[in-house]
Amino acid sequence: MSSPEPILQKADFGDIYVQPDPRAYFATLSGYDYQIPQEGAEVFRRLLAACASPDHVPTILDVCCSYGIVSTLLKTGLDMSDVYAHYARPEVVAMTTEDLQRADAAFLEAHRRQQDLRVIGLDIAESAVDYAVATGSLDVGFVEDLEREDPSPGLAEVMAEVDLITTTGGIGYVTERTFQRLVDVAGPSTQVAAFCLRTYDYGPIAHALAAKGLVTETFTRTFRQRRFVDAHEQSWAVDRVRSLGLDPAGKEADGCYHADFFLSRPAEEIAARPLATLLATLPEL
Ligand SMILES: C[S@@+](CC[C@H](N)C(=O)[O-])C[C@H]1O[C@@H](n2cnc3c(N)ncnc32)[C@H](O)[C@@H]1O
């Protein structure tokens with residue numbers, strides 16, 4: 001009897017998104033060199049610097065925020081390798097979730113660098129959002145599924161204060177439906193900064209944002225997200241990027257997911273601050 005054909009699709013990490021604390025998340029993803037939150041933080045930090053002023057605390061809404069990893073990186077001097085090392089320490093592995101929450105709040109506070117940044121998180125995973133708020137990684141968290149329904153009155157209210165909507169590792173889970181609902185309640189100058197795996201088409205999101213007057217640009221280089229879990233996942237990804245008219249050579253063909261970065265802004269912002277200038281100091285791939 002022949003063995004069944006393998007199912008070609010993106011690996012499903014659903015279980016690790018809904019644990020009471022982030023240990024399984026980091027233990028699992030470190031095995032695949034998951035690094036897109038770090039790439040995101042490097043880019044978002046540069047965009048925030050451009051909108052900083054003494055009398056304005058920048059506010060981010062991080063879509064698919066999970067345990068607040070991007071927020072933690074932005075607010076501290078930590079990088080992904082520090083975070084992976086922290087959660088791999090034997091005493092951290094052995095803690096109860098309650099003790100870990102207290103330890104993480106102290107860890108974050110000890111490394112806090114940027115005081116003048118407010119991060120609001122949005123995710124469907126209640127345990128992850130609760131954890132991130134409890135440790136102080138997120139200032140506020142919302143557990144809502146904007147793929148299915150409009151923002152709650154509370155989320156709609158805070159959206160008026162958001163300068164930048166961000167996402168890493170989220171597109172595919174969320175689509176133009178979520179972004180449409182967010183920009184419908186956001187202020188006119190809110191920008192959208194999104195990392196999107198090359199296996200997904202950002203076109204429908206860019207199209208929805210254009211209807212609100214936001215012009216989308218993409219950056220010249222791509223960003224590594226993580227290694228594939230196996231040859232089946234790689235084969236799926238290579239086929240997907242080809243079907244979207246992209247060349248996998250040197251990227252997916254070499255064993256890693258790559259994401260493009262998209263920034264959607266009012267046209268006058270683009271003229272005033274070109275994307276290439278904003279991100280000029282980013283290291284090469
Ligand atoms: C791959 S994780 C990315 C987490 C984090 N942004 C990062 O870069 O590591 C995907 C996240 O999307 C969340 N998610 C899935 N569907 C969602 C939805 N409809 N709305 C908001 N978040 C969603 C999951 O709960 C999970 O936390």
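The values are calculated or read from the model by the stated rules, or taken from the named source; none is laboratory data. All figures in this text were calculated on a predicted structure; none of them were measured in a lab. A quick note on method: Cβ atoms are made from the backbone with ideal geometry, for glycine too, and the neighbour counts reach across all protein chains shown. Calculation scope for accessible area: heavy atoms of the full protein, side chains included, ligands and nucleic acids excluded. Shrake-Rupley method; radii C 1.70, N 1.55, O 1.52, S 1.80 Å.
Points to keep in mind about this one:
- Normalised per residue, the accessible area of the chain is 46 Å², obtained with a 1.4 Å probe and no contribution from ligands, DNA or RNA.
- Difference of contour (0.36 nm per residue) and Cα-Cα distance, R102 to A210: 34.6 nm
- Within the chain, percent of DSSP bridges classed antiparallel, to nearest 5: 50 percent
- The peptide list 139-150, 214-225, put in order of mean Cβ contacts within 10 Å with the highest first, becomes 214-225, 139-150.
- Among the protein heavy atoms of the stretch 157-203, carbon and sulfur supply 46% of the accessible surface, probe 1.4 Å, non-protein parts ignored.
- Cα gyration tensor, the stretch 194-285 - rounded (a/c under 1.5), prolate or oblate: oblate
- From its DSSP helices (H runs of at least four residues, each -39,500 (n - 2.57)), the chain gives a residue-normalised ellipticity at 222 nm of -11500 deg cm²/dmol.
- Paramagnetic reach from R273 (point 7 Å along Cα→Cβ, amide N under 12 Å) across the stretch 58-89: 58-59
- Percent accessible area from carbon and sulfur atoms, the stretch 3-107, protein chains only, probe 1.4 Å: 55 percent
- Label-point separation, Q115 to A52 (7 Å along Cα→Cβ), nm: 1.3 nm
- Backbone N under 15 Å from the R221 label point (7 Å along Cα→Cβ), restricted to the stretch 13-54: 36, 38-44, 46
- Residues whose amide H falls under 5 Å from that of G141, counting only those 5 or more places apart or on a different chain, are G121, with hydrogens built in the peptide plane.
- Shape of the stretch 27-274, Cα gyration tensor, a/c cut at 1.5: oblate
- Cα-based reach from K10 at 19 Å (exclusive), listing lysines while leaving out same-chain residues under 8 positions away: K251
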